[in-house]
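Quick notes on the structure that follows.
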Amino acid sequence: MTFMSVSENIGQSWIAIRRAVGLLTRDLYEYYFSPYPFLLLFGTCRRIWRRLRNIWLPKGKGRPPVREDLVDLILDMKRSNWSWGALRISQELGLLGISIHKKTVQRILQENGLVPPKTRIAPPTWTAFLKAHKHMWALDFTCLMDFQGLQIFVLAVIDLNTRQLVSINATASPDRHWIIQQICNAEMVGFRLPNSLIADNDGIFGRWLDRDFRSYFGIEVGMTPPGMPWCNGICERFHRSLKNEVLRRLGATDLGTIRSYCLAFQKYYNTQRPHQGIGGATPIKSEQGKVLSISKKQLKYRKFSDCDGLITRFELHAA
């Protein structure tokens, strides 16, 4: 090993140590009141050891290690969106054109102390159901309180086949005419009406729902059995994402603010957010994942804020 290579390795080692310690300081600040400071400390030690080993003892034949700039991107995604797990990050990378398995992402997060949240048992899948009903919508209400104590109802309509959010709107007084108007609005903006629709067995959905939808739109309505919300699981899961990623984080100020954020989330949900039910793709195909090859280039990316900074997304760009 020549003197120049030794001095170059020392310089790279110092940069790696300084960056790791700087990120440790930030992570400790983020997790100050959490039970993870020791995991972050151990993760930083592993990160320093990994990068020093790659600098001084590069690996020979066999499977190459995960690139360090890709590791930095994975950790940046996790820090920018703390609710994202390994699968979500893997799917986001897939939209950028980077193929990496969720178990590899999970191992990187665990090695660096950023343990992803535990997953719950998933409800039954819609695979067999969607084969029999290719074009079906689902609608469901969720509710929240604004700062004045007024109950706000949010109605979401989702295409079960494409996972596209067809319509979302909020009101303080939902009634039969308002619900019918939301379907009319969806048809006016260009959505093809389905043959059938599924709805929860809520009190607001009376016998009029099936009768009026058949009469006005030619849509057959199927009601879920009482006490079985998983039969409309896609809408239920959407409302959880809407609340966890946007509404619960900003605080429900008033009806107008809720409507504006619902519309902003609809654009992000349809064009940028990966969906597990369709293999990590987006309902409306974007140009991401077809931009450039990163095999021989330094990985460079940009961060964009959606919903006034509540959600951070990533895009690759040429060096």
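Each row is one residue, and each column tells you yes or no for (1) at pLDDT 90 or above; (2) exposed (fewer than 11 other Cβ atoms within 10 Å of the Cβ); (3) of a type in the set (Lys, Arg); (4) not assigned by TED's automatic domain parsing to the domain that holds ASP72.
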site	(1), (2), (3), (4)
VAL115	no, no, no, no
THR142	yes, no, no, yes
THR162	no, no, no, yes
THR171	yes, no, no, yes
ASN185	yes, no, no, yes
ASP202	no, no, no, yes
- Message: Consider region 194-233. How many of its residues are farther than 16 Å from GLN181 by Cα and in a helix (DSSP H, G or I)?
- Response: 6
- Item | Only listed residue being more than 26 Å from the chain's Cα centre (by Cα), at pLDDT 75 or above, in a helix (DSSP H, G or I) and under 30 Å from GLU245 (Cβ atoms), chosen from ARG47, ARG51, ARG18 | ARG47
- Message: Criterion first (touching a Pro at 6+ places or on another chain (Cβ under 7 Å) and either more than 18 Å from GLY113 (Cα to Cα) or not hydrophobic (A, V, I, L, M, F, W, C) (or both)) does ASN54 satisfy it?
- Response: yes
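For region 251-268: of the residues being among the aliphatic types (A, V, I, L, M) and within 10 Å of CYS307 (Cα to Cα), which is nearest to the chain's Cα centre (by Cα)? Break it down stepwise before answering.
In the first step, residues of region 251-268 are kept if they are among the aliphatic types (A, V, I, L, M); the result is 252, 255, 258, 263-264.
Narrowing the set further to residues that are within 10 Å of CYS307 (Cα to Cα) leaves 263-264.
Working: LEU263: 16, ALA264: 14 Å.
Selected residue: ALA264.
Restricting to region 158-193, give me the number of residues that are of a type in the set (D, E, K, R) and in a loop (DSSP other than H, G, I, E, B).
The total comes to 3.
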- Message: Being in contact (Cβ under 8 Å) with a residue 24 or more places away in the chain, out of contact with any strand residue (DSSP E or B) (no Cβ under 9 Å at 6 or more places or on another chain), closer than 30 Å to GLY97 by Cα and part of a helix (DSSP H, G or I) is the requirement here; does ASN270 meet it?
- Response: no
- Residues of region 282-317 being closer than 30 Å to VAL166 by Cβ and at pLDDT below 60, in sequence order, are SER286, GLU287, GLN288, GLY289, LYS290, VAL291
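The values are calculated or read from the model by the stated rules, or taken from the named source; none is laboratory data. Everything quoted here is computed from the prediction, not taken from an experiment. Note that we place each Cβ from the backbone using ideal geometry, even for glycine, and neighbour counts take in every protein chain shown.
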